[in-house]
Amino acid sequence: MTKIKTKYAVSRVQEPLLASQDIYEQLDRPQTGFVLFYCSVVYPLDALASAMNTLFINIELAGCTTAGELTSESYEQHSIVATWFSPDFFAISTELINSIETFDLISAQTKVNQLIEKCSDKALTPIENNTFLLTLIDGLSTKEEQFLSILNSAANGIPHFGGSAGDDINLAYTHVYHQGQFYQQAAITIMVNTLCQFEVFNCDHIKSSIEKLVVTQADAQSRTVYELNSEPAALEYARFLGLDIDDLNPKVFSLHPLAVKIGENYYIRSIQKVNKHDFSLTFCCAIDTGIVLSAVEMNDIIESLSAKLAKLEQKLKKPELVLACDCFLRRLEIEQKNLIEEIKALQQEYRIFGFNTYGEHINGMHLNQTFTGVYISGELNE
C-alpha cells in the first residue's frame, strides 16, 4: 500500500473554532507530522490561534496571514488553507525570530544550527542535498532585505524561498504564526528535510524595459519615493500612464509595474500605495535615491508559469505538491485579465498550495510580483 505523503484542507467557515475543527477533520485528525497553514485576517486571530493549538496537540504548526489563499483547486479568499506533511517523508523543524529588528549573523547561525539539529534528530535522511528552507515574514515590517540577507549567509547554500504575510490588501496588520500565537515584526524559518526529490524556483513574466524613471528623492527606511525625475512621484507615474492620480490603485500597479535592473535581469519594485498628502509612493521592496526604475512590458503571466512548471515536471516527474508564495499583484493581474480558469488548470495539474504575498523570497533576495516556490516530486531520492 502506498503511503500518503501530504494532505491538504480548506475551510471557508468564518467562526474560528469551527473552521479549525473543519481543517482538523479534513486532514484526518493528524497525531504526528507537521501542518503549514495560511489564513485570511477576517478571522479573530487570537481565537483562531487558540483553537488551532487546542486541536493540533502533538503537531508542530506554522503559518501566516495572507492577501489571498491558493489551493490545488482554485484561488480562495477569506479562508484557511492547510497542508499536513507525513513524518515518514518529511522531517520538519521551525524556529521563531520574534524580533526582525535585532536579528544578526550570530542569531542566524544559531537558528540554522538549531533547525539542522532538530531535523537530524529525526534521522530521516542526510541534511545535505535533501533540505530546503521556507521563510514567512511580517509583510509590513520593511525589514525583509536585511533579514533575508543575514539568513542566507548563515544557511550555507541550503536553497530557500518564502513569502511576506499579507492582510487582504488592507495594509494595516500582518502576522506570522508559530506554535499557538500570532506575531508581528517577526519571522518564521521552517527547515524541510525530505526523502522526496525537489527544486526551489522562482518565476516572473517581465519582457522588456519601456521607459526609465529616476528616483530623485526617497526615504529608504520607509520605502517611500517622494520624487521621480525631480517631479512628485505619484504625479510623474500617473503622467507616464496617462492617468489621473485618483485612478492609481493596486489594480493599476499590477498591470504597470516598475523594475530595477541588476546585472542582466530586471526585478520588480512593486508600488504598495499612493500617499495623497504629498503625492509620494510607498513601495513593497527596497528603494533609495539614485535608483533607476524602468517601466516594463510584461509577457503572458500564465504561459511563463506553465513553461516553468513543465520544465520542472520534465526533470522531477509528477509533483506531490508545489508550495507557492505568489504576489497578490499577480493575482490582481490574473483577475483583471479574466484568466482565472487558466490559472485554476495549472493549480489542479501541479497541486499548487500556498498564499498571495506582500513580497517573495528566493535565496536571500526579496522580490515583488514574482512566484516563488518549491516543486516537490512524487518520486523519492534514490
Run the Debye formula on the Cα coordinates of the chain, all scatterers equal and no solvent, and tell me log10 I(q)/I(0) at q = 0.10, 0.11, 0.12 1/Å.
-0.61, -0.74, -0.89
Rounded tilt (10° steps) of 301-316 against the dominant C-alpha axis of the chain
30 degrees
Compute the angle between helix 144-155 and the longest alpha-carbon principal axis of the chain, please, reported from 0 to 90 degrees and rounded to the nearest 10.
40 degrees
When the solvent-accessible surface of protein heavy atoms is calculated with a 1.4 angstrom probe, in what order do 358, 173 fall, highest first?
173, 358
Give the separation of the Cα centroids, segment 154-171 to segment 1-60, in Å.
21 Å
Per-residue [θ]222 nm for the chain (sum of -39500 (n - 2.57) over DSSP H runs n ≥ 4, rounded to 500)
-8000 deg cm²/dmol
At 0.36 nm per residue, minus the direct Cα-Cα distance, what do residue 209 and residue 57 gain on full extension? Give it in nm, one decimal, please.
49.5 nm
The answer for residue 339, listing residues at least 5 apart or on another chain whose modeled amide H is closer than 5 Å to its amide H, is none
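Efficiency by 1/(1 + (r/R0)^6): what FRET value for residue 32 and residue 303, r their Cβ-Cβ distance, R0 = 41 Å, to the nearest 0.05? List each step's numbers first, then the result.
On the way: r = 41 Å, r/R0 = 0.99.
That gives a FRET efficiency of 0.50.
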Over the chain, what is the relative contact order in percent, taking alpha-carbon pairs closer than 8 angstrom and at least six residues apart?
20 percent
Evaluate E = 1/(1 + (r/R0)^6) for residue 173 and residue 47, where r is the Cβ-Cβ distance and R0 equals 22 Å; express this FRET efficiency to the nearest 0.05.
0.90
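Output the peptides 71-79, 180-188 sorted from most to least packed, where packing is the average of other Cβ atoms within 10 Å over each peptide's residues.
Details: 71-79: 17.7, 180-188: 19.9.
Descending packing order for the listed peptides: 180-188, 71-79.
In the structure shown, do any of 5/251; 111/317; 261/317; 143/344; 7/111 have a Cα-Cα gap over 31 Å, and if so which?
Values: 5/251 38 Å; 111/317 33 Å; 261/317 34 Å; 143/344 33 Å; 7/111 28 Å.
Too far apart for the 31 Å limit: 5/251; 111/317; 261/317; 143/344.
Distance cut-off 31 Å, Cα to Cα: go down the list 212/276; 118/207; 207/315; 3/118; 118/318 and report the pairs above it. List each step's numbers first, then the result.
Working: 212/276 23 Å; 118/207 43 Å; 207/315 25 Å; 3/118 24 Å; 118/318 29 Å.
Beyond 31 Å: 118/207.
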If you find the alpha carbon centre of segment 231-263 and of segment 108-148, how far apart are they in angstrom?
36 Å
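May I ask for the net charge around residue 332, where only other residues with Cβ less than 12 Å from the Cβ of residue 332 are counted and Lys, Arg are +1 while Asp, Glu are -1? Numbers along the way, then the final one.
Working: positive: 251, 330, 331, 337; negative: 326, 333, 335.
Here the count lands on +1.
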Express in whole angstrom the spacing between the alpha-carbon centres of segment 307-370 and segment 281-303.
19 Å
For the ranges 342-354, 132-144, 295-307, what's the packing order if you count other beta-carbon atoms within 10 Å of each residue, average per peptide, and put the highest first?
132-144, 342-354, 295-307
Rounded to the nearest 10, the angle in degrees between the Cα long axis of helix 16-26 and the longest principal axis of the Cα atoms of the chain comes to 60 degrees
Using a Gaussian network for the chain with springs between C-alpha atoms less than 10 Å apart, which of these wobbles most: 40, 209, 230?
230
Anisotropy class of segment 206-298 from Cα gyration tensor, a/c 1.5 cut
oblate
Average accessible area per residue (Å²) across the chain - probe 1.4 Å, nucleic acids and ligands excluded:
40 Å²
What is the sum of charges, Lys and Arg at +1 and Asp and Glu at -1, for the other residues whose Cβ falls under 15 Å from the Cβ of residue 49?
-3
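The values are calculated or read from the model by the stated rules, or taken from the named source; none is laboratory data. Being a predicted model, the structure only gives us computed values, none of them experimental. Cβ: placed from backbone, ideal geometry, glycine included. Neighbour counts: every protein chain shown. Note: areas computed on protein heavy atoms with side chains; ligands, DNA, RNA excluded. Shrake-Rupley method; radii C 1.70, N 1.55, O 1.52, S 1.80 Å.
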